[in-house]
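Read the structure below first, then the notes.
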Amino acid sequence: MKAIILAAGRGSRMKDLTEACPKCLVKLRGRPLLAWQLEALRQAGINDIALVTGYKREMLAGFGLTEFHNPRWHQTQMLASLACAEPWLLQEPCIVSYSDIFYEHAGVESLMQTPAELAVTYDLNWLAQWTQRFGDPLLDAETFRLHADGTLAEIGNKPQALNQIEGQYMGLLRFTPPAWQRVNSLVEKLPPPERDRLHMTGLLQKLIEQGQMPIAAIPYLQAWGEVDTEQDLIVHENILSGK
C-alpha cells in the first residue's frame, strides 16, 4: 500500500510561521509536522510515500519522497492537489494524509485493514480538543453524522448544535482505485471553477448525496491533532506533554 501526503498549501493562518517554509515543516515539539506523519506511516509498514507539493516545493526535496506537484496550488483546494497523484490512486489502495496533522500508526493500520473502498478516520473524543482550541467548539467544528451501520451520513456542514457532531474528521483517509474512479465520475460533471474550490469534506458530502458508494468511518482514540494556527501549536504542545 502507498501513502500520499497533501502538502501543497501555504497555511496562511499560520502567518509568519509559514513565511519561510511550507506548513508541513512547522515544528511541533522540535520536529516538523511532516516527520510525525512519516513516522506513523512507516511504523504502519508503508514506505512508498509521495508528497503533493506546491508552496516552496524546493524545501521538501531533501526528504527523498516521490513528488507530485500542483502548479496551481495557490488557485485550488485539496481535491485538485490529490488529483495530481492520480497515477498512484488508480494503481492500488492509498492512504491519504493532510500535512498539517499528527497521529499515531494505529490510525493508519485501521485504514489499511478495512475492506471498504473508501474510508475515513474520525476522532470520537473530539470535544475536549476543540474546546481547548476554540473555547466554543461550534466555532470551527463541522457536522459528522453516522448511519447505524457505521458509514458516513453527513460531513463538513456548519453545525447548529453538538448533537450534530458524532466525531471530527481528521484528514486521514484511504482511497482504493474503484473509489477514485467514482470520484472522477462525479468530478468530471462539475464546472472547472467548482472543481478548483472543492475541499475534501465537500467531495465526501457529494459522494454521500450521490448514494452509490458507502464511506466507512473508523473511530480513532489515540493522540492526534490538527495545526491551523500558532495557538494550535501551544495547545498540542501542552496536550502531548501531559499538561
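The values are calculated or read from the model by the stated rules, or taken from the named source; none is laboratory data. This one's a predicted model, so the numbers in the text were calculated from it and none came from an experiment. Every residue, glycine as well, gets a Cβ built from its backbone with ideal geometry; the counts of neighbours run over all protein chains shown. Side chains are part of the model used for accessible areas, which takes the heavy atoms of the whole protein and leaves out ligands, DNA and RNA. Shrake-Rupley method; radii C 1.70, N 1.55, O 1.52, S 1.80 Å.
So that you can scan it fast, the table gives a plain yes or no per residue for (1) on the phi > 0 side of the Ramachandran plot; (2) in contact (Cβ under 8 Å) with a residue 60 or more places away in the chain; (3) assigned to a strand (DSSP E or B):
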position: 15; (1), (2), (3): yes, yes, no
position: 61; (1), (2), (3): no, no, no
position: 75; (1), (2), (3): no, yes, no
position: 81; (1), (2), (3): no, yes, no
position: 92; (1), (2), (3): no, yes, no
position: 96; (1), (2), (3): no, yes, yes
Residues of segment 132-148 being open to solvent by less than 60 Å² (accessible area, probe 1.4 Å), touching a helix residue (DSSP H, G or I) at 6+ places or on another chain (Cβ under 9 Å) and of a type outside the set (Phe, Trp, Tyr), in sequence order, are 133, 137, 138, 140, 141, 143
I'm told residue 176 meets every condition in (1) farther than 17 Å from residue 224 by Cα; (2) buried (at least 16 other Cβ atoms within 10 Å of the Cβ); (3) free of Cβ contacts under 8 Å to residues at least 60 places away in the same chain except one. Can you identify the failing condition by its number? (3)
Whichever residue in segment 113-130 is assigned to a helix (DSSP H, G or I) and open to solvent by 60 Å² or more (accessible area, probe 1.4 Å) and, among such residues, is nearest to residue 182 (Cα to Cα): 113
Those residues of segment 149-167 which are closer than 20 Å to residue 128 by Cβ and surrounded by fewer than 17 Cβ atoms within 10 Å (Cβ to Cβ) amount to 159, 161, 162, 163, 164
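For segment 26-59, name all the residues that are part of a helix (DSSP H, G or I) and open to solvent by less than 30 Å² (accessible area, probe 1.4 Å). If you could, list the steps in order and put the result at the bottom.
First, pick out the residues of segment 26-59 that are part of a helix (DSSP H, G or I): 33-43, 57-59.
33, 34, 35, 37, 38, 40, 41 - these are the residues of segment 26-59 that are part of a helix (DSSP H, G or I) and open to solvent by less than 30 Å² (accessible area, probe 1.4 Å).
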Name the residues in segment 228-243 that are open to solvent by 70 Å² or more (accessible area, probe 1.4 Å) and charged (D, E, K, R), would you? 230, 243
Select from segment 2-25 the residues that are surrounded by 16 or more Cβ atoms within 10 Å (Cβ to Cβ) and among the small types (Gly, Ala, Ser) and write down the one among them that is modelled with the lowest pLDDT. 11
Number of the exception - residue 71 against (1) open to solvent by 20 Å² or more (accessible area, probe 1.4 Å); (2) assigned to a helix (DSSP H, G or I): (2)
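Which count do you get for residues in segment 17-61 that are acidic (Asp, Glu) and closer than 22 Å to residue 235 by Cβ? Steps first, answer last, please.
Narrowing segment 17-61 to residues acidic (Asp, Glu): 19, 39, 48, 58.
Remaining after also requiring closer than 22 Å to residue 235 by Cβ: 19, 39.
The qualifying residues number 2.
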Just wondering, is there one or more residues in segment 76-89 that are modelled with pLDDT of 95 or more, surrounded by 13 or more Cβ atoms within 10 Å (Cβ to Cβ) and touching a Cys at 6+ places or on another chain (Cβ under 8 Å)? yes
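Residues of segment 193-222 being open to solvent by 40 Å² or more (accessible area, probe 1.4 Å) and either in contact (Cβ under 8 Å) with a residue 12 or more places away in the chain or among the aliphatic types (A, V, I, L, M) (or both), which ones?
Residues satisfying the conditions are 195, 197, 199, 206, 210, 212, 214, 219, 221, 222.
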